[in-house]
Amino acid sequence: MLKRLLIAAIAAFSMSATCAANPACETQATEKNLSGAARTSFVTKCEKDASAAATKSCKENATAKKLSGAARTSYVTKCEKDTLEATDSCVAQAADKKLSGAARSSFTKKCVSDATNAAK
């Protein structure tokens, strides 16, 4: 019984983490004036692409550091989390500066890059 409860709790936590909307993707959808199914499709693809890019970058860094096993898994997990947190922070900064369009995209991209490079 305890095992089933633990599995259910882990599954619920995983679903809430993966279903959380990426503010950068939401912002892009808003800037493109998307709504309904088009917005949902765009945001889903955007989040998938962002996650894949973060995972690829983190795995490349782990390989460069010659990490393996549990150390590699731990590093990649933390790296992905830090990248997503940096993205959220940069989107908030762009909003505070009232940036939009290309200026917002450029600022956010540079901000995330700087934040992730500083963390290495």
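The values are calculated or read from the model by the stated rules, or taken from the named source; none is laboratory data. These figures come from a predicted structure and were not determined experimentally. A quick note on method: Cβ atoms are made from the backbone with ideal geometry, for glycine too, and the neighbour counts reach across all protein chains shown.
The table that follows gives values for the structure above.
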quantity: Qualifying positions in region 94-112 - surrounded by 13 or more Cβ atoms within 10 Å (Cβ to Cβ) and of a type in the set (S, T, N, Q); calculated: Ser100, Ser105, Thr108
quantity: Residue that is polar (S, T, N, Q) and loosely packed, with under 12 Cβ neighbours inside 10 Å, where the choices are Ser89, Ser57, Ser74, Ser68; calculated: Ser68
quantity: Test: Thr30 is in a helix (DSSP H, G or I), surrounded by 12 or more Cβ atoms within 10 Å (Cβ to Cβ) and at pLDDT 90 or above; calculated: no
quantity: Region 40-54: number of residues that are modelled with pLDDT of 85 or more and buried (at least 17 other Cβ atoms within 10 Å of the Cβ); calculated: 3
quantity: Count of residues meeting criterion [among the basic types (Lys, Arg), touching a residue at least 12 places away in the same chain (Cβ under 8 Å) and assigned to a helix (DSSP H, G or I)] in region 82-120; calculated: 1
